[in-house]
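Asks: Quick one: this structure, given as structure tokens, is what I'll be asking you about.
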Amino acid sequence: MSFISLLWVLLLGSLLGLELIGKVPPTLHTPLMSGANAISGITMLAALTLIVKAEGNAPLLIIGSVSLGFALFNVIGGFFVTDRMLAMFSRKPSNKK
Amino acid sequence: MSLPVIIKFVIDLLAVLLLALGIKGLSKVKSARDANRLAAFAMSLSVVGLLSYYLGTSGIAIQSWIWIIIGSIIGSLFGAILAKKVPMTSMPETVALFNGCGGMSSLLVALGVAIFPISGGQENFDFFKSLINEVSISVSIFVGAITFTGSIVAMAKLQGWLSTPGWTQSKVRHFVNIVFAVASLIAFFDLINGNTSSIWLLVIVSSLLGIGVTLPIGGADMPVVISLLNSYSGIAAAAAGFVVDSQLLIVAGAMVGAAGLILTQVMCKGMNRSLVSVLFGGSLSAQSTASSGSGEYTNITSCSVEECALTLEAANKVIIVPGYGLAVAQAQHTLREVTKKLEQNGIEVVYAIHPVAGRMPGHMNVLLAEADVPYEQLKEMDVVNPDFPATDVVLVLGANDVVNPQAKNDSSSPLYGMPVLDVQEARTVFVIKRGMSAGYSGIKNDLFDLPNTSMVFGDAKKVLNDLIGELKDLGVGEK
């Protein structure tokens, strides 16, 4: 991919992000923040790429692995925590029935 | 195009679509939980796509597999354990910590690529040959480092491990931060000029900048800062996407970055503060000492739990105003017991949620949801404000600045213009508080001086427990 087309990707991605969450009830601010935060752990793909491309370079393998660990900590923890919060909201209706 | 390239293209496209749907769904109560799972699925799909691509093209060496597995297991395990164990009340700190680690990950990727340029594989992986790569590496390191140290400081401050040092409230901090910023700029250009060793200077000064910017910010503004740092971690991921040439990373990072900015803006609006004043204004308490805020109280009425119970028993409509103090005292379940008793007596109970009550947007909703408070009883500020004049009793629990009438009446107050809950319109207001200390803004609360306000001093949980006892003695809620 040329740099210019990557810039287009960046621009369109940003616009998409701006459009996606126009109206959010305050109730969902915390879960949304935490969910979006988990998605920002997508940098785990960069860490994976680094490890695969390391070709036996030990320091690079280690850096990649640590980076992958940090990213997955973000991703797994983020999604679990968000689910825990949202579980509390969705439990209410079932309690009433 | 070869088959692996096509497969990866399709999977990436699908992943972006699902992530977008996930973020969209997270903004509606009904779909939020499924949306979160959808986003998690999209993330795992993207990993499968990437790995299958490399398996189909260059192959993945055994060593690489070993390090992938080690990193994955350790990271996932710690993440899962923390997510399961952490109490709901420490959610803001937890999100800050996760966020910081995301930033750290982007930082490390850029650092790895910069120090050990990868020899070209099937693709054009000629790092440090093009200006673009150097720029994206520098940006990734810069933003990643700020996100990491900023988030860690935010977490430490919320946990109470760090207080706001005095010097950070003086003008000195601007000077210090400008020095850090200029130094990172110098390192940035030095790096782009091909001087690889200045990468460490960039790491150090941008880390210091993250600390220097976050440290002076007061507790009341922390939600805004966490949200902003969340946006940064998206930008860091997008920058890392440029480093490893991944469109998926750029799109996802940009989406999170933009969504985080919107959320930050929403929060600033709720506090009637601009982002600039949050970031560079220091904590509100520092300003208030210079202005009208630090006046003395002249007309404080304190009352016993018993009186409070008697008034509650006679009420028809009660509004509860929760704040951060409720979370600190872990009194949400006790509060729920009190309101249950009142409801059994036919008293209408509603919870008034200020948009920035607590240390995070939606903090109170999460807290009350944990105590099984029905969702319909939580009313937002704009909805509940017209109801106060027709309300008999308002119970303020650990909230302070969000019920300060100064924001409406006193144009010299630092709070002036911030939307507040008009609790003083109600017939009687009880403020349950440990002492006369000011709220996070450090400003005197005129509400406490009003004739229809009574203070009930004590820890929220203890007062509420006593209240349950008193209500029991009065026969409230026992049919």
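The values are calculated or read from the model by the stated rules, or taken from the named source; none is laboratory data. In this text the structure is predicted, and so the values were computed from the model without any measurement. Heads up, the Cβs are rebuilt from the backbone with ideal geometry, glycines too, and the neighbour counts pull from every protein chain shown.
Asks: State all residues of the stretch B:350-379 that are of a type in the set (D, E, K, R) and in contact with a strand residue (DSSP E or B) (Cβ under 6 Å, 6 or more places away or on another chain); if no residue qualifies, say none.
Replies: Kept after step one, since they are of a type in the set (D, E, K, R), are these residues of the stretch B:350-379: B:359, B:370, B:372, B:376, B:379.
Result: B:LYS379, single match.
Asks: If the requirement is being assigned to a helix (DSSP H, G or I), within 7 Å of chain A (Cβ to nearest Cβ), over 28 Å from B:ALA327 (Cβ atoms) and in contact (Cβ under 8 Å) with a residue 12 or more places away in the chain, which of these qualifies: B:SER52, B:SER76, B:SER46, B:SER64?
Replies: B:SER46
Asks: Here's something else I'd like to know. Inside the stretch A:1-83, counting only helices (runs of 4 or more DSSP H) that do not spill past its ends, which hold 2 or more residues that are more than 7 Å from chain B (Cβ to nearest Cβ)?
Replies: Of the helices (runs of 4 or more DSSP H) lying wholly inside the stretch A:1-83, those with at least 2 residues that are more than 7 Å from chain B (Cβ to nearest Cβ) span A:3-20.
Asks: Still on this structure, I have one more. Could you tell me which of the residues A:ILE76, A:ILE21 is at pLDDT 80 or above and among the β-branched types (Val, Ile, Thr)?
Replies: From the options A:ILE76, A:ILE21, the qualifying one is A:ILE76.
Asks: Taking only pairs six or more apart or across chains, which ones have beta-carbon atoms under 6 Å, a first residue in the stretch A:56-79 that is surrounded by fewer than 24 Cβ atoms within 10 Å (Cβ to Cβ), and a second residue that is not in a helix (DSSP H, G or I)?
Replies: A:ASN57/B:PHE116; A:LEU60/A:ALA54; A:LEU60/B:PHE116
Asks: Inspect all residues belonging to the stretch B:248-262 and state whether any of them is surrounded by fewer than 23 Cβ atoms within 10 Å (Cβ to Cβ), over 30 Å from B:LYS8 (Cα atoms) and facing another protein chain (nearest Cβ under 7 Å).
Replies: Yes, there is a match, as at least one residue in the stretch B:248-262 is surrounded by fewer than 23 Cβ atoms within 10 Å (Cβ to Cβ), over 30 Å from B:LYS8 (Cα atoms) and facing another protein chain (nearest Cβ under 7 Å).
Asks: Which condition number in (1) out of contact with any Leu (no Cβ under 6 Å at 6 or more places or on another chain); (2) surrounded by 22 or more Cβ atoms within 10 Å (Cβ to Cβ); (3) closer than 15 Å to A:PHE89 by Cβ is the one that B:VAL356 fails?
Replies: B:VAL356 satisfies every listed condition except (3).
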